[in-house]
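Notes for the one structure printed next.
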Amino acid sequence: MLLWIGGCSHPVRALVGGNMRIDGDMGVDGDIRMNGTMTTISKTDNTASPLRAVQLNPSSISSSQRIAIVDVDGLLVDRNFSGFGSMGENPVALFREKMSYIEADPSIAAVVLRINSPGGGVTASDMLAHQLNQLRTRRGIPVVACLMTTGTGGAYYLATHSDLIVAHPTSVVGGIGVILNNYNMEDTLGQFNIVSLPIKSGTKIDLGSPERMMQRDERDLLQSMATEFHQRFIDQVQQSRGEKLTIVPPASNDGDDSDEENAPEDESSKPAFAVPFDGRVFSGLKAKDMGLVDHTGYLDDAVRLAANLAGMADTPSLVLLRRDNDRAMSEFDVTPNTPMTSLLPIQIPGLDRSSMPTFLYLWQPDPSIVTAVGN
């Protein structure tokens with residue numbers, strides 16, 4: 001306790017250290033008067049404490065090897081979230097911190113990615129996947145992804161960088177596509193007598209601006225970028241899933257095959273994947289049939305698979321990586337990190353320059369997602 005008592009001449013400083021106890025009854029008769037000013041000094045702690053490993057099953061606390069459950073929830077964007085009850089975390093920064101923690105902790109022998117996300121930004125998703133790849137390269141520990149309610153878009157992209165993918169039978173899986181939300185607000189602004197008067201150098205510097213109609217060549221430019229990012233996603237799925245994907249054999253040629261070796265290879269002679277890479281989603285059971293996931297099951301099954309890959313016991317020690325003010329009572333607890341969203345776009349999409357539209361690996365049936373990511 002630190003007190004400053006200001007009197008007529010000099011302030012008196014009273015410093016009390018240790019514990020202060022009063023036994024028995026304490027009574028004061030008469031008036032107590034104090035002249036001057038009393039100031040108390042207190043320290044305001046920063047709530048962003050470092051991550052710590054929270055033990056989930058104390059019965060296995062004696063185990064020298066542990067499995068870390070890394071939760072990946074909500075929108076995957078490279079920006080801090082704000083909202084009522086939100087932790088305000090940047091999903092990309094938080095994931096990096098967790099990967100660094102696991103890399104430095106030799107007792108963590110395997111990782112289970114508990115994913116429940118519709119996806120997010122193309123670049124943010126790629127950054128998460130890059131961090132996961134770095135961990136696997138440096139530590140060489142197995143990683144099993146478990147898709148919960150939703151594992152689509154960038155969330156599924158991240159899952160394909162693991163050793164195995166487990167999906168609930170009722171999970172929503174897939175969403176292998178790209179979207180960039182753009183709006184033409186020129187007529188709407190004109191109704192309020194708002195006319196855009198940009199001063200620019202470079203005719204395409206305002207490409208995608210909602211303040212004017214997009215030209216055909218400008219749309220083609222953005223479409224080429226979307227196609228490029230989409231192909232990157234497709235290549236990753238085909239490379240990571242390999243022969244696990246369902247393949248439709250090419251049509252047989254009943255004609256003369258004498259010049260088959262010298263004939264140039266065409267698209268019809270290549271095996272075709274039965275998986276439609278057009279952004280559609282599937283149930284967990286259907287995703288298993290198509291080879292998009294390895295197993296259908298639950299989080300417990302993903303933990304057992306990770307333990308088997310790491311050569312651990314069937315009941316391994318489980319930990320969650322949490323901050324001091326973030327509850328963690330079971331492996332299903334979620335960090336509260338919900339962005340400020342609304343069913344109605346109160347902010348005119350695209351006009352807030354701090355929330356620019358971005359290309360997304362995102363399954364997007366909910367209009368509130370558009371507002372949340374600034375699109």
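Values in this text are rule-based calculations from the coordinates and carry no lab data. This structure is a prediction, so every number in the text was calculated from the model and none was measured. So basically every Cβ, Gly included, is an ideal-geometry build from the backbone, and we count neighbours across all protein chains shown.
Would you work out if the range 113-237 is rounded, prolate or oblate? Take a ≥ b ≥ c from the square roots of the eigenvalues of the alpha-carbon gyration tensor; rounded if a/c is under 1.5, else prolate when a/b is larger than b/c, oblate otherwise.
Prolate, since a/c reaches 1.5 and a/b exceeds b/c.
Check residue 181: other-chain or 5+ apart residues with amide H under 5 Å from its amide H, H built from backbone geometry?
Residues meeting the criterion, in which the H sits 1.01 Å from N, are 358.
Quick check: pseudo-label points 7 Å beyond the Cα along Cα→Cβ at residue 180 and residue 134, how many nm apart are they?
2.7
Just want the ordering: 358, 315, from fewest to most Cβ atoms lying within 10 Å of their own Cβ.
With the sparsest Cβ surroundings first, the list reads 315, 358.
In which sequence would 201, 117 go, from the one with the fewest C-beta neighbours within 10 Å to the one with the most?
Taking fewest neighbouring Cβ atoms as first place, the list is 201, 117.
Check residue 211: other-chain or 5+ apart residues with amide H under 5 Å from its amide H, H built from backbone geometry?
Result for residue 211 returns 185.
Let's test the formula: R0 of 35 Å, r as the Cβ-Cβ distance of residue 232 and residue 327. What FRET efficiency results, to the nearest 0.05?
My answer for the efficiency is 0.40.
Can you give the FRET efficiency for residue 204 and residue 93, using 1/(1 + (r/R0)^6), R0 = 35 Å, r = Cβ-Cβ distance, to the nearest 0.05?
After rounding, the FRET efficiency stands at 0.65.
Taking H placed 1.01 Å from N in the peptide plane, check which residues at least 5 places from residue 363 or on another chain put their amide H under 5 Å from its amide H.
Residues meeting the criterion, in which the H sits 1.01 Å from N, are 153, 154.
Modelled label-to-label distance, residue 313 and residue 80, 7 Å Cα→beta-carbon offset: nm?
4.3
Could you please rank 216, 136, placing first whichever residue has the fewest other Cβ atoms within 10 Å of its Cβ?
The most exposed by this proxy come first: 216, 136.
Tabulate in residue order the Karplus-calculated ³J(HN,Hα) for the range 316-329, using 6.51 cos²θ - 1.76 cosθ + 1.60 with θ = phi - 60°, rounded to whole Hz; enter x for Gly and Pro.
x, 6, 10, 9, 10, 9, 9, 8, 4, 9, 10, 5, 8, 9
What FRET efficiency would be calculated for the residue pair residue 222, residue 64, taking the C-beta separation as r and a Förster radius of 45 Å, to the nearest 0.05?
After rounding, the FRET efficiency stands at 0.30.
Residue separation times 0.36 nm, minus the C-alpha to C-alpha distance between residue 240 and residue 286: what's the value?
Using 0.36 nm per residue and subtracting the Cα-Cα distance, I get 14.7 nm.
Restricting things to alpha carbons, tell me how big the range 82-144 is in terms of Rg and Dmax, in Å.
Reported Rg and Dmax, both Å: 12.9, 39.
So what J values fall out for the range 170-176 if you push phi through Karplus, 6.51 cos²θ - 1.76 cosθ + 1.60 with θ = phi - 60°, rounded to Hz, Gly and Pro as x?
9, 5, 9, 10, x, x, 7
If you put +1 on each Lys and Arg Cβ and -1 on each Asp and Glu Cβ, how big is the dipole of the range 80-230 around its Cα centre, in Debye rounded to 20?
340
Rounded if a/c is under 1.5, else prolate if a/b is larger than b/c, else oblate: which is the range 118-168, with a ≥ b ≥ c the root eigenvalues of its Cα gyration tensor?
In terms of gyration-tensor shape, oblate.
If packing is taken as the average number of other Cβ atoms within 10 Å across a peptide's residues, how do 231-237, 146-152 rank, most packed first? Intermediate values should be presented prior to the final figure.
Values: 231-237: 16.0, 146-152: 26.0.
With the highest mean Cβ count within 10 Å placed first, the list reads 146-152, 231-237.
If packing is taken as the average number of other Cβ atoms within 10 Å across a peptide's residues, how do 275-284, 325-334, 301-310 rank, most packed first?
301-310, 275-284, 325-334
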